[in-house]
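Scroll down for the structure; my scribbles are underneath it.
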Amino acid sequence: MIRGTLLSKCGSEAYRNPAPVVSGIEIGDLLGNTLPLLWDGLFDTGADRTVVPHKVCRQLKMIPHDWTRPRGFDPESPTREIPRYYVRLRIPGIGETDLLAFGVDRSNVLLGRDFLNCKFFVIDGDTRRWAVHVASRWVPILSRCLRVR
């Protein structure tokens, strides 16, 4: 489990509203190659996919799995092709997670729902605190059963 405080800054990017930020993320490929850099990450429950800094993928000489045109909340907004890479994220208090992430020029990691789906993510707005717990195997099944249609 990890805990933190809602912050208005993640890496070199500032945000208008406080958000849950985690520090010390290590990004690597599925073979275990990493760089001696640790990244800040922003939990984004509105993002379907995780996004990592593209320069890490380039420095590790990762080959894109594919290129895709992701759509945002506005289907009319212009899109561009973005590479997706299989990455391994190591996060203190959570462990390793392998996933298919977008590689974009940014200064931090954006942790989307593909990362959060098998975790309990709790935000307490009154105290500006958050926590992430690694969920047990039955939680994804239970959450699918309880989903409102």
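Sort through Gly28, Gly4 and tell me the only one that's modelled with pLDDT of 90 or more and over 18 Å from Arg113 (Cα atoms). Result of the check over Gly28, Gly4: Gly28. Just so you know, in the stretch 107-119 the residues that are in a strand (DSSP E or B) and of a type outside the set (D, E, K, R) include one that is nearest to Gly32 (Cα to Cα), and it is Val109. Give the residue, chosen from Val104, Val87, Val122, that is modelled with pLDDT of 85 or more and over 18 Å from Gly32 (Cβ atoms). Residue meeting the stated conditions: Val104. Applying a threshold of 8 Å to beta carbon distances and a minimum spacing of six or more residues, or different chains, the list of pairs starting in the stretch 77-88 at a residue that is closer than 12 Å to Gly103 by Cα and ending at one that is assigned to a loop (DSSP other than H, G, I, E, B) and at pLDDT below 90 reads Glu81/Arg69; Ile82/Arg69; Ile82/Pro70. Of the residues making up the stretch 50-65, not a single one is at pLDDT below 90, part of a loop (DSSP other than H, G, I, E, B) and at negative phi. Gly72 passes every criterion in (1) modelled with pLDDT of 85 or more; (2) within 18 Å of the chain's Cα centre (by Cα); (3) exposed (fewer than 13 other Cβ atoms within 10 Å of the Cβ) apart from (1).
Val22 passes every criterion in (1) over 24 Å from His133 (Cβ atoms); (2) under 13 Å from the mean Cα position of the chain (by Cα) apart from (1).
The values are calculated or read from the model by the stated rules, or taken from the named source; none is laboratory data. This is a predicted model, so every value here is computed, not measured. Note that we place each Cβ from the backbone using ideal geometry, even for glycine, and neighbour counts take in every protein chain shown.
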